[in-house]
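Novice: Sharing a structure here in structure tokens format.
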Amino acid sequence: MVRAVRIDRHGGPEELQLVDLEVGDPGPGQIRIRHRAIGLNYIDVYQRSGLYPFPMPLTLGMEGAGVVEAVGEGVTHLKEGDRAVYCGSPPGSYSEARLIPAALVCQLPDAISFETGAAMMLKGLTAQYLLKKTLPMEGLQQGDFVLFHAAAGGVGLIACQWARLLGLRLIATAGSPEKCQMALDHGASHAIDYRQEDFAARVAEITGGQGVKVVYDSVGKDTFDKSLECLRPFGLMASFGNASGPVPPFAPASLAKKSLYLTRQTLFNHYNTRERAQAMADDLFSVVASGEVKIDIHQRYPLADVQQAHRELEARKTTGCSILLP
């Protein structure tokens, strides 16, 4: 029996309950992993609230790091005793141990701690596919401007550093002077406090009226319209989250004035095979192990305090990465 956090119905943080669950032996293609650290992500809130509905009961959590305890038939890239890390479906990382399909689990390099591994996979791989794969028509070259919302969050702080490494000029938005400074300290070229300034007007000023090639937006409803204003002709609006709520229906003709492109991205359409998972993870492991991209863990919560963790995450009181400790 292991301790795990489960919900029996969609709702608020009060639905998160610590329970005892039995974990059996891995079947074909599975491993059993004993967690040393568990990632906390906004997608967990979507799944808890019902924005992303799942059958009940549900053990939450999309990300974790630990030690492989047992390996099922057909698994060849992992063995008992390996340090391992993963992100992906099905949920279930809010637990001391679990069974999980092995295909999306990777060996964790010795140079990277369990806490860093658990904090970085979903957020770091998101930054990777955005900056490396979700590109405007003409691509991105050194010196290009991009706009990144919620830049003081876990994905944002990684993206600030990785964009600087790629030679991009990242314009960050965040909700306080302190968060803006954090984005600048991590490599953003400019930072805009969206609570105090019109970010579309500031982007126009920063870019000399040209606009940015791409907007990376995990906020959703509150930032969508003005983000379109920030784009240059043939620019790309890359939506990848709904922190303020889903984007309402809109007329495609609103894209016509500047012939804009729009995409709604998810990590798990990129990170969906053993080969792709390993290649993306290797790219992330490389920049983290080198020190060029640092993973800032600003919040650590015992697994038993998961309700508090969700409340602080939803209230935007967290910065950088957060983890749960079993």
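Novice: Out of 103, 119, report the one residue that is among the aliphatic types (A, V, I, L, M), within 21 Å of residue 153 (Cβ to Cβ) and not assigned by TED's automatic domain parsing to the domain that holds residue 214.
Specialist: On the way: 103 fails: within 21 Å of residue 153 (Cβ to Cβ).
Unique residue meeting the criteria: 119.
Novice: Among the residues of the stretch 190-230, which ones are of a type in the set (A, V, I, L, M) and more than 23 Å from the chain's Cα centre (by Cα)?
Specialist: Filtering the stretch 190-230 down to residues of a type in the set (A, V, I, L, M) leaves 191-192, 200-201, 203-204, 206, 212, 214-215, 219, 228.
Within the stretch 190-230, 200, 201, 203, 204, 206 qualify.
Novice: For the stretch 242-291, how many residues are farther than 21 Å from residue 90 by Cβ and more than 15 Å from the chain's Cα centre (by Cα)?
Specialist: Of the residues in that region, 30 qualify.
Novice: Let me ask something else. Looking at this structure, is residue 158 in contact with a His (Cβ under 7 Å, 6 or more places away or on another chain), modelled with pLDDT of 95 or more and assigned by TED's automatic domain parsing to the domain that holds residue 240?
Specialist: no
Novice: Can you work out which of the residues in the stretch 40-98 that are under 17 Å from residue 122 (Cβ atoms), part of a strand (DSSP E or B) and not hydrophobic (A, V, I, L, M, F, W, C) is farthest from the chain's Cα centre (by Cα)?
Specialist: My answer is 98.
Novice: Going through the stretch 22-53 one residue at a time, which ones are within 15 Å of residue 93 (Cα to Cα), without any contact (Cβ under 8 Å) to a residue 60 or more places away in the chain and either aromatic (Phe, Trp, Tyr) or exposed (fewer than 14 other Cβ atoms within 10 Å of the Cβ) (or both)? Full working, then the answer.
Specialist: First, pick out the residues of the stretch 22-53 that are within 15 Å of residue 93 (Cα to Cα): 22-23, 30-45, 47-48.
If we keep only those that are without any contact (Cβ under 8 Å) to a residue 60 or more places away in the chain too, we end up with 22, 47.
Selection gives 22 alone.
Novice: Got a number for residues in the stretch 4-21 being touching a Ser or Thr at 6+ places or on another chain (Cβ under 7 Å), surrounded by fewer than 20 Cβ atoms within 10 Å (Cβ to Cβ) and either under 24 Å from residue 107 (Cα atoms) or of a type in the set (Lys, Arg) (or both)?
Specialist: 1
Novice: Filter the stretch 73-126 down to the residues that are among the acidic types (Asp, Glu) and farther than 11 Å from residue 36 by Cα, then identify the one that is surrounded by the most Cβ atoms within 10 Å (Cβ to Cβ). First the steps, then the outcome.
Specialist: Step one: filter the stretch 73-126 for residues among the acidic types (Asp, Glu), giving 73, 80, 82, 96, 110, 115.
With the extra rule that they be farther than 11 Å from residue 36 by Cα, the set shrinks to 73, 80, 82, 110.
Details: 73: 9, 80: 11, 82: 18, 110: 8.
Top of the filtered list is 82.
Novice: Within the stretch 298-317, how many residues are at pLDDT below 95 and surrounded by fewer than 19 Cβ atoms within 10 Å (Cβ to Cβ)? Before the answer, list the steps.
Specialist: Let us first name the residues in the stretch 298-317 that are at pLDDT below 95, namely 298, 313-317.
Filter once more, so that each one left must be surrounded by fewer than 19 Cβ atoms within 10 Å (Cβ to Cβ): 298, 314-317.
The total comes to 5.
Novice: List pairs: first in the stretch 90-119 and over 23 Å from residue 73 (Cα atoms), second of a type in the set (Phe, Trp, Tyr), Cβ under 6 Å, 6+ apart or cross-chain?
Specialist: Matching pairs, first to second residue: 109/285.
The values are calculated or read from the model by the stated rules, or taken from the named source; none is laboratory data. Computed from a prediction, not measured in an experiment: that's the story for all the values here. When we count neighbours, we look across all protein chains shown, and the Cβ atoms used for this are built from the backbone with ideal geometry, even at glycine.
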